[in-house]
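The values are calculated or read from the model by the stated rules, or taken from the named source; none is laboratory data. Here the structure is a predicted model, which is why all the values come from computation and not from measurement. Cβ: placed from backbone, ideal geometry, glycine included. Neighbour counts: every protein chain shown.
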Amino acid sequence: MTKSNLQKPTKVERARARLDAAVARLEAALDNRAASGSPEGPDADAALKLSGELEALRKENDTLKSVNETVSGRLDGAIGRLKAVIGAAPSGAQNKDV
């Protein structure tokens, strides 16, 4: 088994997973409220607040996805450049045991 098979999720991936879970919980709460009838009074304020929070979390999720894509692309580029540099090294420098 190689080290690359055992990679831990990045901070962005963990944050995204937590955000997705929070959005799912908010959506479930809103669905439960909607199923129980239209809220009135203080419940209407709570539903409005939850709806606003849900929208904010969705925007944050989109932002994190974008950041994750950017970071992933940069890492892929850096890895490619490192492989090119390692591949360009003289053969004697790569294997000194021969």
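Consider Gly87 carefully, then state whether it is exposed (fewer than 12 other Cβ atoms within 10 Å of the Cβ) and within 27 Å of Thr10 (Cα to Cα). Walk me through how you get there before you give the answer.
Working: exposed (fewer than 12 other Cβ atoms within 10 Å of the Cβ): yes; within 27 Å of Thr10 (Cα to Cα): no.
Judged against the criteria, Gly87 is not a match.
Restricting to the stretch 1-35, and then to whatever is within 17 Å of Glu69 (Cα to Cα) and acidic (Asp, Glu), can you tell me which residue is modelled with the highest pLDDT?
Only one residue fits best here, namely Asp20.
Can you find even one residue in the stretch 37-50 that is in a helix (DSSP H, G or I), in contact with a helix residue (DSSP H, G or I) (Cβ under 9 Å, 6 or more places away or on another chain) and at pLDDT 85 or above? First the steps, then the outcome.
Looking only at the stretch 37-50, we keep the residues that are in a helix (DSSP H, G or I), and these are 42-50.
Still in the list and also in contact with a helix residue (DSSP H, G or I) (Cβ under 9 Å, 6 or more places away or on another chain): 43, 46-47, 50.
Still in the list and also at pLDDT 85 or above: 50.
Yes - at least one qualifying residue is present in the stretch 37-50.
How many of the residues in the stretch 55-71 are among the hydrophobic types (A, V, I, L, M, F, W, C) and without any contact (Cβ under 8 Å) to a residue 12 or more places away in the chain?
Counting residues in the stretch 55-71 that are among the hydrophobic types (A, V, I, L, M, F, W, C) and without any contact (Cβ under 8 Å) to a residue 12 or more places away in the chain gives 1.
Test each condition in (1) at pLDDT 90 or above; (2) of a type in the set (Gly, Ala, Ser); (3) touching a helix residue (DSSP H, G or I) at 6+ places or on another chain (Cβ under 6 Å) for Gly77 and report the one that comes out false.
Result: Gly77 passes all but (3).
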